[in-house]
1. What ³J(HN,Hα) values, in whole Hz, does the Karplus curve 6.51 cos²θ - 1.76 cosθ + 1.60 give for segment 147-160 when θ = phi - 60°, with x put for Gly and Pro?
2. Compute and list, largest first, the equivalent-ellipsoid semi-axes of segment 77-123 from the alpha carbon gyration tensor, each √(5λ) rounded to a whole angstrom.
3. What is the calculated FRET efficiency for LEU360 to MET409, with r their C-beta to C-beta distance and R₀ = 56 Å, to the nearest 0.05?
4. By the scheme Lys and Arg +1, Asp and Glu -1, what is the net charge of all other residues having a beta-carbon under 15 Å from that of TRP107?
5. At 7 Å along Cα-to-Cβ for each site, give me the label-to-label distance between MET70 and LYS390 in nm.
6. On full extension of the chain, what length is gained from ASN382 through SER131, given 0.36 nm per residue of separation minus the C-alpha to C-alpha distance?
7. At 0.36 nm per residue, minus the direct Cα-Cα distance, what do PHE310 and LEU351 gain on full extension? Give it in nm, one decimal, please.
8. How much of the accessible area of segment 70-214, probe 1.4 Å, is carbon plus sulfur, in whole percent?
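The values are calculated or read from the model by the stated rules, or taken from the named source; none is laboratory data. These numbers come from a predicted model, not from an experiment. Glycine also receives a Cβ, built like all others from the backbone with ideal geometry; neighbour counts cover every protein chain displayed. These area figures cover heavy atoms from the full protein model, side chains too; ligands, DNA and RNA do not enter into them. Shrake-Rupley method; radii C 1.70, N 1.55, O 1.52, S 1.80 Å.
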Amino acid sequence: MELSAQQPPAALYQNRQQDHQQAAYEYSPAACFIRSVLAKIIMCSNNKGGTGRVSTRSQMQAEIGKRYYMILLGINYMCLFLGSVSSSLLSKFYFNHKGGSRWVSTWVQCAGFPLLLFPICFFRIFTHRKSFTGFTPKILCLSILIGLLLGVNNLLFSWGNSYLPVSTNSLVLSTQLAFTLVTSMIIVKQKITYPNLNCVVVLTLSSVILALGSSHDKPIGLTKTKYFKGFFSTVGAGLMFALYLPVMEKIYQKVDCYAMVVEMQLVMEIAATALATVGMAADGGFSEMNTESLKVFDLGPKAYWLTVGFNVVTWQLCFMGTAGMVFLTTSLTGGVCMTALMGINVLGGVLVYGDHFGGLKAVSTLLCVWGFCSYIYGIYMNMKEEEEEKKTEICREKNVKKMNSDHIMELAEIVTHNACG
C-alpha cells in the first residue's frame, strides 16, 4: 500500500513493463550468445605471466578456444591490412594534390583516438567489465611516454611520405623488420632461428637494392637533398617503430585482456595527438590547414576535408591492428605481417599513382616476398615441432601411468599372497 501511494498504478505498471523488456533482452538467446562470445574473445586473454609468448599463446588458445582466438586475430589483421594500404595511398593523395603541411599529415595519424571510445563502450556493455580496470600508474606513464615517441615517429613518417613515392617509401620501411629482430632479441629474448635470420638478411638486401636503384624515382622538382632527407626520415621512422614493437610486447605481458590493449592505445594516441597539436599551434599549422583547404588543395575544400577525415579513420585502423597483432602473437610476427603488406602498397602506388616500377624495384619486391615466405615456413615448422613434442610428452605420460599402475598391481598381488600365506 505504501508503494502504491508513492507511485501511481499506471507508472508502476509502465516501470514493470520496462523491467520485463530489459530482462527479456538480457536473457534472450541472441543476447546471451553475443555476450558469451565477446566475453571469450575480449576478456579471457589473460594469464600473461613471465612465460614466453609461445606458451602464452598456447594458454590463450586453451582458455578461449582456437576458433575465438583466430577470430580476434583475423579482425586485427584485417584492420592492419585496410589501415596500412589505404592510409599510405591517402597520404600520398594529400601531397599529390598540393597538400604540403607535414604537421597536418602527422596530426591525422593520431587524431582519430575518439574512435577508440566506441569499442571501449562496446566492450563494457557486452562484457560488464569496467573500463580501465587494471590500469596502474606505471602502465599509465608508460602509455603516455610511448605515445609521445609515436608522435615523433609520425612526424618522421610524414617527412618521408611527402618526398618519396609510395612504392619506395613502403619498401624502405620494410627494413624495420631487421631492426625489430635485433630489438626483440634484446628486450623480449627472441630466439634467432634460420628462418628469422634468412628473412632479415633478404629484406635488408631488398632495401639496399631499392636505395641503389631509386635515383630516377624522384618526383618532378624534388632535389637530391630533399630526396635523401625523405629517405633517411623513413629509415628513422622504421627504427623507432622497430623499438616500439618489442617494448609493447614486453608491456603486454602484464596486460589482462584485449580490452585493456584498446584502452592503452587510446592513452597513447591522446599523448601523440597532444604533441602534434602543440607542434601545429607553434608552427601555425591550424591556420595553414584552413588556408590549405580553401586556396591550396586543388580539388577544393570538400575533397580536402574528406581526405583528412578518411586519413584519420584509416590510421586508427592501422595502429589498432598493429597493437592487436603484437598482443596476440609477437612483436616480430607483427613486423612480418606489416612487411607482407609492403608488396600490396607497392602495387597500390604503381596502379593508383603510376609510380615507376623498374627491374631493380621488381627484384626488391621479389626478395621481400621471399623473406616473408621463409618466415612463414619457419613458423609452420616450429608449430609442427611443438605438436610432435606434445604428442611425445603425452605418450611419455601414458607410459609412466601404465608403469605405475602395473607396479601397484604387483604390490597388491604380493600383499595378497603374503596375507594368504
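1. Whole-Hz 3J(HN,Hα) from phi for segment 147-160: x, 5, 5, 5, x, 5, 4, 5, 5, 4, 5, 5, 4, x.
2. 25, 14, 6
3. 0.15
4. Values: positive: ARG102; negative: GLU269, ASP283, GLU288, GLU292.
Local net charge: -3.
5. Using points 7 Å along Cα→Cβ, the separation is 1.3 nm.
6. Details: separation 251, 0.36 × 251 = 90.36 nm, distance 3.70 nm.
Length gained between ASN382 and SER131: 86.7 nm.
7. Stretched fully, the PHE310-LEU351 segment lengthens by 12.8 nm.
8. Ligands and nucleic acids excluded, carbon and sulfur reach 79 percent.
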